[in-house]
1. Restricting attention to the stretch 118-128, which residues are within 16 Å of the ligand (Cβ to nearest atom), surrounded by fewer than 23 Cβ atoms within 10 Å (Cβ to Cβ) and assigned to a loop (DSSP other than H, G, I, E, B)?
2. Which pairs do you get when a residue that is more than 22 Å from residue 42 (Cα to Cα), found in the stretch 6-25, comes within reach of a residue that is surrounded by fewer than 19 Cβ atoms within 10 Å (Cβ to Cβ) and modelled with pLDDT under 95, reach meaning Cβ atoms under 6 angstrom, with the pair 6+ apart or on two chains?
3. Filter the stretch 252-306 down to residues that are polar (S, T, N, Q) and closer than 19 Å to residue 10 by Cβ and give me whichever is surrounded by the most Cβ atoms within 10 Å (Cβ to Cβ).
4. Residues that are touching a strand residue (DSSP E or B) at 6+ places or on another chain (Cβ under 8 Å) and within 16 Å of the ligand (Cβ to nearest atom), at least 1 per element: which helices (runs of 4 or more DSSP H) completely within the stretch 1-117 meet that?
5. Of the residues that sit in the stretch 66-111 and are surrounded by fewer than 17 Cβ atoms within 10 Å (Cβ to Cβ) and of a type in the set (A, V, I, L, M), which one is nearest to the chain's Cα centre (by Cα)?
6. Determine, yes or no, whether residue 282 is without any contact (Cβ under 8 Å) to a residue 60 or more places away in the chain and either more than 17 Å from the chain's Cα centre (by Cα) or at negative phi (or both).
7. State which residue is nearest to the ligand (Cβ to nearest atom) when the search covers only the stretch 129-147 and only residues that are without any contact (Cβ under 8 Å) to a residue 40 or more places away in the chain and touching a Leu at 6+ places or on another chain (Cβ under 7 Å).
8. Against the definition (farther than 26 Å from residue 113 by Cα, in a loop (DSSP other than H, G, I, E, B), of a type in the set (A, V, I, L, M) and in contact (Cβ under 8 Å) with a residue 40 or more places away in the chain), how does residue 233 come out, yes or no?
Amino acid sequence: MSGPLLGTAVHGRALREDAQYRRIVERDFDVVTPENAMKPAHVQPEPGRFDFAGADELVDFAEQTGKRVRGHTLVWHNQTPDWMTDGGPEAARAHLVAHIEAVVGRYRGRIWHWDVVNEALADDGTLRDSPWLRALGPDYLAIALTAAHAADPSAKLFLNDYNVEEVCTKSDAYYELARRLLADGVPLHGFGVQGHRISGEPPASLRENLERFGALGLEVAVTEADVRVPVPASREDVEVQASVYRRMLDDARAVEACTAFVVWGFSDRYSWIPETFEGFGAAHVMDEHFRAKPAYSAVFGEEDVA
Ligand code: G3I
């Protein structure tokens, strides 16, 4: 493959109800990631009760339109029902494996990348104090990766996190973790850096960081890029924002092992930013009316034709 494929997170309701949104996904992107539909709380809200409606919709859409799917995510501290981890180590291990077998097995052969474990480390590089760590200890990562590989040997299995774009304490810890897992023969194929950034703060050592993971034999990807700005955004803000998108994409393109550059949504109409970061917004390449911002040209190198 030559260069990273461009992708976007997909908002389930928008894909279903907003024809213009759907057309733009079809037109502009080669890779789709469900923003929420494959997360444990959505897929298995109660023990043994699965709801694949949203996930099926996304995978069917991808197949009908010739796109690859980044599956997101199987193991996380967030959007995960308490019952999965609350019943003691034996039950937690059984739930972990059963969940992965069911979800990965259902889409066997149809998912390009799986974010198997999301956000496993804290910013200081230690294992995050997550319900999975408390229930199973550090082995939960290898257990999850092994179960995912058994359920779909053709899917590329990723660890994925935020604040790891640059060479820093947290990405150093991921580098060591990845080396250890590979040395132990655990099926790990990729490392995803999310890429949630604040405008004006491009990740300076992104390229160098991606390259070192590539040198371990892993694929790398920018998996959730967005660049938030203080709102209301000035003309200058959106120009600076465009330069941050451009810089990240240029770095991704410079790294041979980088196979995907995925934005976490493309329009300010459907955005997780305003409800999470007070005073910030406008983080995406199109505005709420699907008009191209300078960041759109930075990513696609052309004007919007929506
Ligand atoms: O499912 C309920 C729905 O029943 C209810 O009607 C609705 C009312 O608010 O809320 C729905 O849940 C929301 C869920 O998204 C699904 O839409 C939650 O409130 C909301 O907090 C949740 O936010 C998602 C967030 O992950 C959860 O932590 C965002 O949309 C999603 O963009 C965000 O994505 C994460 C990645 O998975 C991992 N990396 C960071 C990224 C941003 O936080």
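1. 119, 122, 123, 128
2. Once the first residue is more than 22 Å from residue 42 (Cα to Cα) and sits in the stretch 6-25, its partners that are surrounded by fewer than 19 Cβ atoms within 10 Å (Cβ to Cβ) and modelled with pLDDT under 95 give 24/306.
3. 267
4. Numbers: elements: 12-17, 19-28, 40-43, 53-65, 83-86, 89-106.
By residue number, 12-17, 19-28, 40-43, 53-65, 89-106.
5. Applying the filter and picking the extreme gives 102.
6. Criteria met by residue 282.
7. Among residues in the stretch 129-147 that are without any contact (Cβ under 8 Å) to a residue 40 or more places away in the chain and touching a Leu at 6+ places or on another chain (Cβ under 7 Å), the one nearest to the ligand (Cβ to nearest atom) is 133.
8. Working: farther than 26 Å from residue 113 by Cα: yes; in a loop (DSSP other than H, G, I, E, B): yes; of a type in the set (A, V, I, L, M): yes; in contact (Cβ under 8 Å) with a residue 40 or more places away in the chain: yes.
Answer is yes for this residue.
The values are calculated or read from the model by the stated rules, or taken from the named source; none is laboratory data. The structure presented is a predicted model; accordingly, all values stated were derived computationally and were not measured. Heads up, the Cβs are rebuilt from the backbone with ideal geometry, glycines too, and the neighbour counts pull from every protein chain shown.
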